[in-house]
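Notes for the one structure printed next.
The values are calculated or read from the model by the stated rules, or taken from the named source; none is laboratory data. Everything numeric here is computed off the predicted structure, so don't read it as measured data. Note: ideal-geometry Cβ built from the backbone for every residue, glycine included; neighbour counts use all protein chains shown. Surface accessibility is based on the protein's heavy atoms, side chains included, excluding ligands, DNA and RNA. Shrake-Rupley method; radii C 1.70, N 1.55, O 1.52, S 1.80 Å.
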Amino acid sequence: MDFPGGKVRFTSEMEFISGNSETRVPCFRVLDQYGRLLNNVDFEQVSEEAAVKIYANMVTLQMMDVILYEAQRQGRISFYLTSMGEEAINIASAAALSDDDVVLPQYREHGVLLWRGFTMQEFANQLMGNRFDYGKGRQMPIHYGSNKHNYVTISSPIATQLPQAVGIAYSLKMDKKNACAVTYIGDGGTSEGDFHAGLNFAAVTESPVLFICRNNGWAISTHISEQFRSDGVVVKGRAYGIPSIRVDGNDALAVYTAVKRAREIAIEKHTPILIEAMTYRVGHHSTSDDSTKYRPINEIEYWKTARNPVSKFRNWVESNGWWSDEAEAELRTRVRKQLLQAIQNAEKTEKPPLRELFADVYDVPPANLQDQEAELREAIKRHLEDYPSDVPV
Amino acid sequence: MTVREALNSALDEEMSADPKVFLMGEEVGEYQGAYKISKGLLEKYGPERVLDTPITEAGFTGIGVGAAYYGLRPVVEFMTFNFSMQAIDHIINSAAKSNYMSAGQISVPIVFRGPNGAAAGVGAQHSQCYAAWYASCPGLKVLAPYSSEDARGLLKAAIRDPDPVVFLENELLYGESFPISAEAVDSSFCLPIGKAKIEREGKDVTITAFSKMVGLALKAAEILAKEGISAEIINLRSIRPLDRATINASVRKTNRLVTLEEGFPQHGVGAEICTSVIEESFGYLDAPVERIAGADVPMPYAANLERSAVPQVEDIVRAAKRACYRAVPMAATA
């Protein structure tokens, strides 16, 4: 018989579907733990040029995180957040996308922006909030945004980007663009109401959006066992009618393959896809966190060394004869120099001028803000000695 | 023209003029709108431009904001602004602040509309007025139409505006009919945002109001006129930006002010108007400012209690008289 929703088979067995399957959803991987290609794997081939570019970006991202984290510790920036352990997810997923795909990040995906061409200097400018910051000094560190890179400005409240991504995907579909929306979320973020709303809506509106969940095991100090009781995040896709896959997030080739194919399906078939990338958050949640307080140091060390996605991919690239110790040394020296130079330049650059306090609240500055700006300038003129000399008026 | 017809025609014309404009909300399509405001639009524009959404205010508001980031011009309907609280993070943190936080890279040309304030006998969770809450946030524009002309002109202005606009309608006004000029019926008609309208000129006391309360203020003005008090009624139309110039000019003329609103008194619209007048026209006041607002309780259901919780015409008349020293001030009776 039919019910609203369609035909359904009847059964006389009184049985509850178990909350969890007997076996967990398997995890797609291409490389083994040491970076060796597994047998009979169906994966997207990458050329030498592409592989080296992916690897170099992973190293750059890793170095960026180390040095900028240190910069916060030295008091040069107020806050920083690393993507350590998730370099493969960041870079390989970005490499699988086209520049027209609109990216809506959570906040641990600066590697995607790096891949798309954001320079060290542009990153540093945002962190220092100087006058070259595209955010005009409005946002706290790591809240990057760049229209020209199709990277939507980072917004702190968790998971709000998920339904927004559906809105953008729907618009891309209406415009018949050969592009999709790609949005990232952590394991913790899947508990938010917006996760439910975003996935449900994406399915109902048949929008081409990739939901990439970085399941790194931790939401600040909350372990995934306290976050949900499902088999991770991949099984939630089925609840919304969304095709889903679980991949080894520390395997650059697996991530690259999954994202590339997901993208094609999403755009051609007008469907969302959920990708759960399994990984481990090697760094602390942010510079405001000390994760050794809630997890064992040897666990962190293990993931940092034995399961490191960067060294794993390096092994594969080298095994093809495409990389060497010399190339590594040269890359690291060059990146380090570039980074330190960028930080120094950004520090020396002056802050945004006063008018940026009042601009962009609305499209056209309203009368009250114009008045306030005039009053402030008056006050500065009268008390110039109280006004900081390194901030332009 | 009824307010309902005014809103419907405004939506229709703006959707016709700009293919980027689309409507989304619960029941807006097949059902023709929970209050029939979107009647006929699904049939005319199709399901790509009139979207019936699943029940998730947070969800469809987030989607609307995302679509606006991309460059579309969504009109998001809340069945009542009471339910917008489930989406308020997206309205404030995603819509209102994005242009500023992104330094102009992301603009959000979105309109949030729906009935606001008290209806009749719907209780606490269906009767709150959200004008003060939304109007306190920089980055938003907040409009409150009263008449059909207001509804047409302000909704068109809201849809055309590049900033996020909160458009507060009133359920009880939907069915009310107002005379409408030929100019207002034209499809290019638009009212400026940030300009109040002087509905009735007067010289003895200024009464500010918005939405349904404008109607009550006009009735009060009739009664006051018979007792020799000439009240000037200002229909605010725009809560943010507030037309401080018009309000202050009026108070400088009448020297007395009564602020009127349906919402809760603390941190209300009247509180802001009172401060504005004190800041700019203190010397012109001949009497303390009188503030009429809803009772400081969640809206009760029983008809007699509800009546006592919302300003009535006699409350406005008494306040105007107190301001004109024709009655004993409230403080003296305490």
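Taking first residues from the stretch A:351-373 that are at the interface with another protein chain (Cβ under 7 Å from one of its Cβ atoms) and partners that are among the hydroxyl-bearing types (Ser, Thr, Tyr) and open to solvent by 30 Å² or more (accessible area, probe 1.4 Å), the Cβ contacts under 6 Å between residues at least 6 apart in sequence or on separate chains come to A:Asp360/B:Tyr100; A:Val361/B:Tyr100.
When the stretch A:71-107 is filtered for residues that are under 16 Å from A:Ala165 (Cβ atoms) and crowded, with 21+ Cβ neighbours inside 10 Å, the ones remaining, listed by number, are A:Ser93, A:Ala94, A:Leu97, A:Asp101, A:Val102, A:Val103, A:Leu104, A:Pro105, A:Gln106. I need the full set of residues from the stretch B:141-170 which are within 14 Å of chain A (Cβ to nearest Cβ), open to solvent by 10 Å² or more (accessible area, probe 1.4 Å) and in contact with a strand residue (DSSP E or B) (Cβ under 6 Å, 6 or more places away or on another chain), in order please. Within the stretch B:141-170, B:Lys141 is the sole residue that qualifies. Scanning the stretch A:108-133 for residues that are of a type in the set (Phe, Trp, Tyr), closer than 25 Å to A:Leu210 by Cβ and open to solvent by 20 Å² or more (accessible area, probe 1.4 Å) gives a single hit, A:Trp115. Count of the stretch A:185-241 residues, restricted to those that are on the phi > 0 side of the Ramachandran plot and free of Cβ contacts under 8 Å to residues at least 60 places away in the same chain, is 1. Report whether or not A:Ser225 is among the polar types (S, T, N, Q), farther than 29 Å from A:Ala71 by Cβ and either surrounded by fewer than 21 Cβ atoms within 10 Å (Cβ to Cβ) or touching an Asp or Glu at 6+ places or on another chain (Cβ under 6 Å) (or both). Against the criterion (among the polar types (S, T, N, Q), farther than 29 Å from A:Ala71 by Cβ and either surrounded by fewer than 21 Cβ atoms within 10 Å (Cβ to Cβ) or touching an Asp or Glu at 6+ places or on another chain (Cβ under 6 Å) (or both)), A:Ser225 qualifies.
Of all residues assigned to the stretch B:112-119, at least one qualifies as being of a type in the set (A, V, I, L, M), under 23 Å from the mean Cα position of the chain (by Cα) and open to solvent by less than 20 Å² (accessible area, probe 1.4 Å).
Please determine whether any residue of the stretch A:265-275 is under 19 Å from A:Gly188 (Cβ atoms) and open to solvent by less than 10 Å² (accessible area, probe 1.4 Å). Yes: one or more hits.
Among the residues of the stretch A:174-190 satisfying the criterion of being farther than 11 Å from A:Ala159 by Cα and assigned to a loop (DSSP other than H, G, I, E, B), which is farthest from the other protein chains (Cβ to nearest Cβ)? Explain how you work it out, then say what you get.
Step one: list which residues in the stretch A:174-190 are farther than 11 Å from A:Ala159 by Cα, which gives A:174-182.
Applying the additional criterion that residues be assigned to a loop (DSSP other than H, G, I, E, B) yields A:175-180.
Values: A:Asp175: 9, A:Lys176: 12, A:Lys177: 10, A:Asn178: 15, A:Ala179: 11, A:Cys180: 12 Å.
The extreme case among them is A:Asn178.
Flag set for A:Ala252, criterion: among the aliphatic types (A, V, I, L, M), more than 29 Å from A:Asn200 (Cβ to Cβ) and open to solvent by less than 10 Å² (accessible area, probe 1.4 Å).
Which residues, counting only those in the stretch B:240-275, are assigned to a strand (DSSP E or B) and open to solvent by less than 10 Å² (accessible area, probe 1.4 Å)?
We begin by selecting, within the stretch B:240-275, every residue assigned to a strand (DSSP E or B); these are B:240, B:257-260.
Scanning the stretch B:240-275 gives B:Leu257, B:Val258, B:Thr259, B:Leu260.
Within the stretch B:47-81, restricting attention to residues that are under 13 Å from B:Phe112 (Cβ atoms) and more than 10 Å from every other protein chain (Cβ to nearest Cβ), the residue that is surrounded by the fewest Cβ atoms within 10 Å (Cβ to Cβ) is B:Met79.
Taking residues in the stretch B:302-326 that are closer than 19 Å to B:Cys129 by Cα, and partners anywhere that are among the β-branched types (Val, Ile, Thr), the pairs with Cβ atoms closer than 8 Å and at least 6 places apart or on different chains are B:Ala309/B:Val297; B:Pro311/B:Ile292; B:Val313/B:Ile223; B:Asp315/B:Ile292; B:Ile316/B:Ile207; B:Ile316/B:Val258; B:Ile316/B:Ile292.
Within the stretch B:227-239, take every residue that is part of a strand (DSSP E or B), in contact (Cβ under 8 Å) with a residue 40 or more places away in the chain and of a type in the set (A, V, I, L, M, F, W, C) and give me the one that is nearest to B:Asp204 (Cα to Cα). Walk me through it before giving the result.
If we filter the stretch B:227-239 for residues that are part of a strand (DSSP E or B), which is where we start, we get B:231-235, B:238-239.
Applying the additional criterion that residues be in contact (Cβ under 8 Å) with a residue 40 or more places away in the chain yields B:231, B:235, B:238-239.
Pick out the ones that are also of a type in the set (A, V, I, L, M, F, W, C) and you get B:231, B:239.
Working: B:Ala231: 6, B:Ile239: 24 Å.
Checking each candidate, the answer is B:Ala231.
Taking into account only those residues within the stretch A:34-60 that are under 23 Å from the mean Cα position of the chain (by Cα) and among the polar types (S, T, N, Q), which is surrounded by the fewest Cβ atoms within 10 Å (Cβ to Cβ)? Going through the qualifying residues, I end up with A:Asn57. Restricting B:Glu43, B:Glu30, B:Glu26 to those that are acidic (Asp, Glu), touching a residue at least 40 places away in the same chain (Cβ under 8 Å) and either in the same structural domain as B:Ala131 (by the TED database) or surrounded by fewer than 18 Cβ atoms within 10 Å (Cβ to Cβ) (or both) reduces the list to B:Glu26. Of all residues in the stretch B:171-207, those that are among the small types (Gly, Ala, Ser), exposed (fewer than 15 other Cβ atoms within 10 Å of the Cβ) and outside any loop (DSSP other than H, G, I, E, B) total 2. Note on the stretch B:27-54: residues that are under 21 Å from the mean Cα position of the chain (by Cα) and of a type outside the set (Val, Ile, Thr) amount to 5. Return the residue satisfying two criteria in turn: it lies in the stretch A:191-222 and is surrounded by fewer than 18 Cβ atoms within 10 Å (Cβ to Cβ) and more than 10 Å from chain B (Cβ to nearest Cβ), and of such residues it is nearest to A:His149 (Cα to Cα). Per the stated criteria, the residue is A:Glu206.
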